[in-house]
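Notes follow the structure.
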Amino acid sequence: MFETEICFSSASGNVTGGHSVGGLVGMNWMAYHQGIKNCYASGNVQGIDWVGGLVGMWSNIPYQTNCYAAGRVSAAPGAEYVGGFVGRSGGFPNPDYQCYFLAQEDLSDSVALPLTDAQMKQQAGFVGWDFVGEQTNGRNEIWRMCTDGVDDPRLSWEFGRVGDFACPDGVGMDDLETLALHWLTADSDPDFNYAADGSGDGVINQQEMEILSKHWKE
Ligand SMILES: [Ca+2]
Ligand SMILES: [Ca+2]
Ligand SMILES: [Ca+2]
């Protein structure tokens, strides 16, 4: 009935509220969504209580994987349930979640680990994450950081929709080669290259060729 997940999503705005406030999700009540994975929030989050960088309150099922929150989190003095990543979680601490938040004084989290601003801009900070251009952590190419030290991780589809399927940044021969390599593959394939699915429909075909042509050498 409630078998839904929040995936491949992000939010960049600052969020201000009262109770149950998060950078991407305020409250996931009664586990309406069963999971949240491959998501991020980059805005600052401010609330009274139940405040988290990514999620204000997540009930029942402790399922958050490969997500991060990069904004500053602040709450009322003495507030209950404040976290760099999730404010109030129905789950239990588990390092396997591989989630991260921006390290801030006096702020911890029940399911995520802190990273400094500099660590947020290093691929190595995100242990086990499947980035474009490496195969140790998988070939689905979900996250992207072509050069260390420039930006926080982004979802690869943010680049793929403008034809930039592969590193380095910019659209050129590397992207044409990636398209050819994955031509006519579908997301039923365990190694499906999400970065090259510019249209986001789960198959790599003529649509991606048109996207690539439109943005060639940009
Ligand atoms: Ca990879
Ligand atoms: Ca490229
Ligand atoms: Ca497609």
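Quick check, is TYR68 aromatic (Phe, Trp, Tyr), open to solvent by 50 Å² or more (accessible area, probe 1.4 Å) and not assigned by TED's automatic domain parsing to the domain that holds CYS167? It is false that TYR68 is aromatic (Phe, Trp, Tyr), open to solvent by 50 Å² or more (accessible area, probe 1.4 Å) and not assigned by TED's automatic domain parsing to the domain that holds CYS167. If the condition is being open to solvent by less than 50 Å² (accessible area, probe 1.4 Å), of a type in the set (Gly, Ala, Ser) and at pLDDT 90 or above, then the stretch 11-50 contributes ALA11, GLY13, GLY17, GLY18, SER20, GLY22, GLY23, GLY26, ALA41, SER42, GLY43, GLY47.
Filtering the stretch 110-119 to residues that are open to solvent by 30 Å² or more (accessible area, probe 1.4 Å) and either part of a loop (DSSP other than H, G, I, E, B) or within 16 Å of ligand 1 (Cβ to nearest atom) (or both) leaves SER110, THR116.
Scan the stretch 140-160 for residues that are outside any strand (DSSP E or B) and crowded, with 16+ Cβ neighbours inside 10 Å and the total you get is 11. Annotation: of all residues in the stretch 190-218 being farther than 16 Å from MET173 by Cβ and away from ligand 3 (no atom under 13 Å from the Cβ), the one that is farthest from the chain's Cα centre (by Cα) is LYS214.
Taking the conditions (1) small (Gly, Ala, Ser); (2) away from ligand 1 (no atom under 16 Å from the Cβ); (3) within 27 Å of SER42 (Cβ to Cβ) in turn, GLY160 satisfies each one other than (2).
Scanning the stretch 161-192 for residues being outside any loop (DSSP other than H, G, I, E, B), in contact with a strand residue (DSSP E or B) (Cβ under 8 Å, 6 or more places away or on another chain) and within 23 Å of ALA124 (Cβ to Cβ) gives a total of 0.
Residue-level check: of (1) among the charged types (D, E, K, R); (2) at pLDDT 95 or above; (3) more than 30 Å from ASN193 (Cβ to Cβ), ASP109 misses just (2). Scanning the stretch 165-185 for residues that are within 22 Å of the chain's Cα centre (by Cα) and surrounded by fewer than 16 Cβ atoms within 10 Å (Cβ to Cβ) yields a total of 3. Just one residue in the set THR178, THR147 is modelled with pLDDT of 95 or more and either within 15 Å of ligand 1 (Cβ to nearest atom) or among the aromatic types (Phe, Trp, Tyr) (or both); that residue is THR178.
Do we have GLN122 as open to solvent by 30 Å² or more (accessible area, probe 1.4 Å), in contact (Cβ under 8 Å) with a residue 12 or more places away in the chain and away from ligand 3 (no atom under 16 Å from the Cβ) here? Criteria met by GLN122. Candidates in the stretch 193-215 are the residues that are among the charged types (D, E, K, R) and in a loop (DSSP other than H, G, I, E, B); of these, the one that is nearest to THR178 (Cα to Cα) is ASP197. In the stretch 196-218, the residues that are without any contact (Cβ under 8 Å) to a residue 24 or more places away in the chain reach residues that are aromatic (Phe, Trp, Tyr) with C-beta atoms within less than 8 angstrom, at least six apart or across chains, in these pairs: GLY202/PHE192; ASN205/TRP183.
The values are calculated or read from the model by the stated rules, or taken from the named source; none is laboratory data. It should be emphasised that the depicted structure is a prediction, and the values quoted were computed from it without experimental measurement. With ideal geometry, Cβ positions are generated from the backbone for all residues, glycine too; neighbour counts draw on all protein chains shown. All accessible areas refer to the heavy atoms of the entire protein, side chains included, with ligands and DNA or RNA removed. Shrake-Rupley method; radii C 1.70, N 1.55, O 1.52, S 1.80 Å.
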